[in-house]
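A quick write-up on the structure given underneath.
Please treat every number below as a calculation from the coordinates, not as lab data. This structure is a prediction, so every number in the text was calculated from the model and none was measured. Every residue, glycine among them, receives a Cβ derived from its backbone with ideal geometry; neighbour counts consider all protein chains shown.
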Amino acid sequence: MPMDFTTIMLDISLFLSLYFQIFLLVSFFEAEENEEKLILPAILPTVTIIVPCFNEAKTVEKTILSLMGLNYPMDKLNILVVDDGSVDETYANAQLAAKRFPNVRVVTQKNGGKYTALNLGIRECTTDIVGCLDADSMVHPDALIKMIPYFNDLQTMAVTPAMRVHQSKTFLQQIQRAEYNVGVFTKRVFGYLDAINVTPGPFSIFRRTVFDIIGPFHHAHNTEDMEIAFRIQSHGFRIANCYDALVYTITPPTFKKLYRQRTRWSYGFLKNLIDYKHIILNKKYGNMGMLTLPFAIVGIVFVFYFAGSFIYQTLRALGNDIERMLLVGVRVPEIFTHSIWATVRGTLNEMYYRFDMTSVLALMLFATSVYIIFKSKKMSEGNMKPSRDIFYFICFYSLIAPLWLGKAVYNVLLSKKTPWR
Amino acid sequence: MKTYDKRKYIFVLLLTIGIFIVAFSLSNYINNRKIADIKSTEDSISIDILSSETQFEILQQSSCSIVSGSILSDQLSNLATSIETAEAAHGIDSDSVKTLKKYYSLLEIKDYLLIQEIYRQCDARPISILYFYSNSKNCTECTNEGYVLTALKEEYPDLRIYSFDYDLGLNAVSTLTTLYKIGPKLPAIVVNNQTYTGFQSLDTLRNIIPDISVAAATSSTKSATNNSSTTSSKKTNSSNLEVNGISPQQKQK
């Protein structure tokens, strides 16, 4: 059988992808087997939740109410709303809501970015634990009480929640719903492997003293929640994941908003990767250095290679079709659909006729991916029923993700800053 | 921080290698089964060739109303599928693919002769095109001619197009090329014993065979061709590239 370059690349990528997925699955089963029942400390720690806001007039009250609904002693819970120089009614609305609760405080500052709002909050608070909650998110009442026992381990400096999509109305929100569910699975495993590389804005909580040791939040290419995780890990501390502490977040409904958000995340990830390159392939940093970060880099390379290859094949098919059109006359819309279809059909045909190792491996990888997707749904939503979000995620996610990844790489290579909004 | 557990990394590596070995064995097993099918196709071809001889005999003794179109059309279609499988499994230049393509060409010639005979017996006008192409990369006109012939075939479904790889080195094809003075310039087309060298546009082909639609209509009334699923319709419907008797994948390489 002839081995061309694409086949070799495909086999290598399949081998590495399978290796990574098997590693995740083995670790997942290990985590399930070794799970210890965590006990709440006899004296609950005091907690401050910082809510950084910028033009969140519509949602700030809802966020405060969601926090006040937490199943936690109110004398041990403080809410600190930090208005980051909003130009709408955020400050006034937050103050109005605060009047109803003695443990809610509102401060305001000149707009300086989210990380400065968080740092102001950290400076203002004196509690044992400090958390943050983006104003576009809501917490489950039991989230905090479930996360607190993880701090029994003195090396644990942060705990991340399980994030779910608040409402999935649009097609893109459906895709994100399945994506966030898969995130619940991977965070669970990454937490077990001590390889979490982001403490998300929606309700990650920290031991207050960690900021005295490693310093406050940084600008970090507009991804301060990623950088702080890299920094905690690089200091040898732990970040745990509480997979049943549910937080609901509002996801971008349109492609434009999603594209912007993901470009910022991807750009931030790449820039932080560069800033913390000493972690990569360094045994000292455990699984994060040896597994998750190296595989993330390899994944990005392969995404580009195969997305490029797909585009090249489609353009080639398009070229053939245009040539055909000029010779025998074919309608233009037929040409575009034919070109894409010809590429997809060519790949499937090749898989069918050449039922070789590559095809078998691709099927196996697909099967393990589907298993993980359904297992994730079980963890996040409590059932494994096939649903629209899973179908959309499987069919379309790998087609749209390279778009923002491509833009992020482009911005990194050309040193173009990626804005927040 | 959880320490880097080297044993786990090695365990997962061994597990992955194990899966690779299983995948390799499974695909090998399936491909061997496919190759066995190809071999059986090769074996059955000799019987088909013998059958075609018998059909010639029958034709000379029977009225054209009871003669079926061609027993070879289905076999040609099966063989085309086998060629695609063999190409994917062994590559375009492999000996097994070349052998299959030679069988294919041979069957095409047999089918062509048989159809000619049927038409002669039944006093109908032949509507066959012999098309000679080259697989070499510099014959872009061959690809274009493929597009044109496919379009022509779509226009006239009863048209029979027999495509031959000029470089295959098959004696029977060489006899045709000598007979019709084909090459070295390609593509070349033979219609009604007349050779046309170089690229022929759709309009030119329509002019070369102006009464094709009349011929097609006449032939469709004949029972001799009614039942036949023509060679060319099997080969040209899905893709213009398939006019050449080769798969689209191959053409793109």
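Overview of values
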| quantity | calculated |
| --- | --- |
| Acute angle (nearest 10 degrees) that the helix A:114-124 long axis makes with the longest principal axis of chain A, alpha-carbon atoms | 20 |
| Tensor-based shape of region A:44-193 (alpha-carbon gyration tensor, a/c under 1.5 rounded, otherwise prolate or oblate) | oblate |
| Equivalent ellipsoid semi-axes - Cα gyration tensor, chain A, angstrom | 42, 25, 20 |
| Scattering profile of region A:222-343 at q = 0.18, 0.21, 0.22 Å⁻¹ [log10 I(q)/I(0), Debye over alpha-carbon scatterers] | -1.05, -1.21, -1.24 |
| Estimated vicinal HN-Hα couplings, Hz - region B:160-167 in sequence order (Karplus 6.51, -1.76, 1.60; Gly, Pro = x) | 10, 10, 10, 9, 10, 7, 4, 8 |
| Share of alpha-carbon pairs per 10 Å distance bin for region A:114-271, given as whole % | 11, 41, 38, 10, 1 |
| Tail fraction, Cα-Cα pairs, region A:9-52, threshold 16 Å, whole percent | 67 |
| Fewest-first ranking of A:Phe391, A:Phe295, using other Cβ atoms within 10 Å as the exposure measure | A:Phe391, A:Phe295 |
| Alpha-carbon centroid distance for the pair region A:180-199 / region A:289-324, whole angstrom | 27 |
| Ranked list, fewest to most other Cβ atoms within 10 Å of each Cβ, for B:Cys122, A:Cys53, B:Cys142 | B:Cys122, B:Cys142, A:Cys53 |
| Contact order relative to length of chain A, as percent, for alpha carbon pairs under 8 angstrom and 6 or more apart | 18 |
| Ascending count of other beta-carbon atoms within 10 Å, so fewest first, for A:Glu32, B:Glu117 | A:Glu32, B:Glu117 |
| Net charge of Cβ neighbours under 10 Å - reference A:His218; Lys, Arg +1; Asp, Glu -1 | -2 |
